[in-house]
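Let me begin by presenting the structure, written as structure tokens, before commenting on it.
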Amino acid sequence: MKEEFIELLKITNRDGMNEVINFLEKSDFFKAPASTRFHGDYEGGLAEHSMNVYKILKEKVKTASIQIDTPEESIIIMALLHDICKANYYKVDYRNAKNAHGEWEKVPYYTIDDTIPYGHGEKSVMMLTEYIKLTNEEKYAIRWHMGFSEPKENYAPLGLAYKKYPVALLLNEADLESSYFFDV
């Protein structure tokens, strides 16, 4: 999957994409979980989740009830890199738990080690713009991909962003579908 992921990023021909790929390969992105307990909470879950989001988003754009004119390179960037903020974000820790024989043992689990507390979608946008120029549509979609799990104070700008850039809503839907239907 890593090879397919990288090939998709390369076909965008975006200036700076080789630097993004270099960052991903040096980070734990391809081994990291997608979350600590909600979805994809296993090694490689983040890359798998991102690839699922890409496949779902690509289909959603084709079958949307309105015309979506987002270029393929943008779909790839938004979907595959929407959670780049989770690179180097999780760490393995240990806790005591009873095994099948009722004996206590140390078991690994993922925990958060956020060394850059800049939010979620906005952190992904910030990280990406260190390497590549994003279109406004890409910025808005990545920033608002968490949808209505945002604090309620953000609902008004979220709604405005979805009206201005409908693909942002589709990215949120693809993210949710991947999380609940495929990353289990």
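In region 159-167, is there at least one residue being open to solvent by 10 Å² or more (accessible area, probe 1.4 Å), closer than 25 Å to Thr12 by Cβ, touching a Leu at 6+ places or on another chain (Cβ under 6 Å) and aromatic (Phe, Trp, Tyr)? Steps first, answer last, please.
Pass one, region 159-167, residues open to solvent by 10 Å² or more (accessible area, probe 1.4 Å): 159-160, 162-166.
Next, from what is left, pick out any that are closer than 25 Å to Thr12 by Cβ: 162, 164-166.
From the residues that got through so far, the ones that are touching a Leu at 6+ places or on another chain (Cβ under 6 Å) too are 162.
Then drop every residue that is not aromatic (Phe, Trp, Tyr), which leaves 162.
Within region 159-167, one or more residues are open to solvent by 10 Å² or more (accessible area, probe 1.4 Å), closer than 25 Å to Thr12 by Cβ, touching a Leu at 6+ places or on another chain (Cβ under 6 Å) and aromatic (Phe, Trp, Tyr).
Yes/no per residue for (1) of a type in the set (S, T, N, Q); (2) in contact with an Asp or Glu (Cβ under 7 Å, 6 or more places away or on another chain); (3) over 15 Å from Ala79 (Cβ atoms):
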| residue | (1), (2), (3) |
| --- | --- |
| His120 | no, no, yes |
| Asn136 | yes, no, yes |
| Leu169 | no, no, no |
| Leu176 | no, no, no |
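From the list Val107, Val125, which residue is part of a helix (DSSP H, G or I) and β-branched (Val, Ile, Thr)? Break it down stepwise before answering.
Values: Val107 fails: part of a helix (DSSP H, G or I).
Just a single option satisfies the conditions, and that option is Val125.
Determine, yes or no, whether Thr115 is open to solvent by 40 Å² or more (accessible area, probe 1.4 Å), out of contact with any Gly (no Cβ under 8 Å at 6 or more places or on another chain) and either in contact (Cβ under 8 Å) with a residue 60 or more places away in the chain or assigned to a loop (DSSP other than H, G, I, E, B) (or both).
Numbers: open to solvent by 40 Å² or more (accessible area, probe 1.4 Å): yes; out of contact with any Gly (no Cβ under 8 Å at 6 or more places or on another chain): yes; either in contact (Cβ under 8 Å) with a residue 60 or more places away in the chain or assigned to a loop (DSSP other than H, G, I, E, B) (or both): yes.
Yes: the conditions hold for Thr115.
I'd like to verify a number: residues in region 133-158 that are open to solvent by less than 40 Å² (accessible area, probe 1.4 Å), within 14 Å of the chain's Cα centre (by Cα) and not small (Gly, Ala, Ser), how many?
Result for region 133-158: 4.
The values are calculated or read from the model by the stated rules, or taken from the named source; none is laboratory data. Owing to the predicted nature of the structure, the values given are computational and were not obtained by experimental measurement. We place every Cβ from the backbone using ideal geometry, glycine too, and count neighbours over all the protein chains shown. Surface areas here come from the heavy atoms of the whole protein model, side chains and all, with no ligands, DNA or RNA. Shrake-Rupley method; radii C 1.70, N 1.55, O 1.52, S 1.80 Å.
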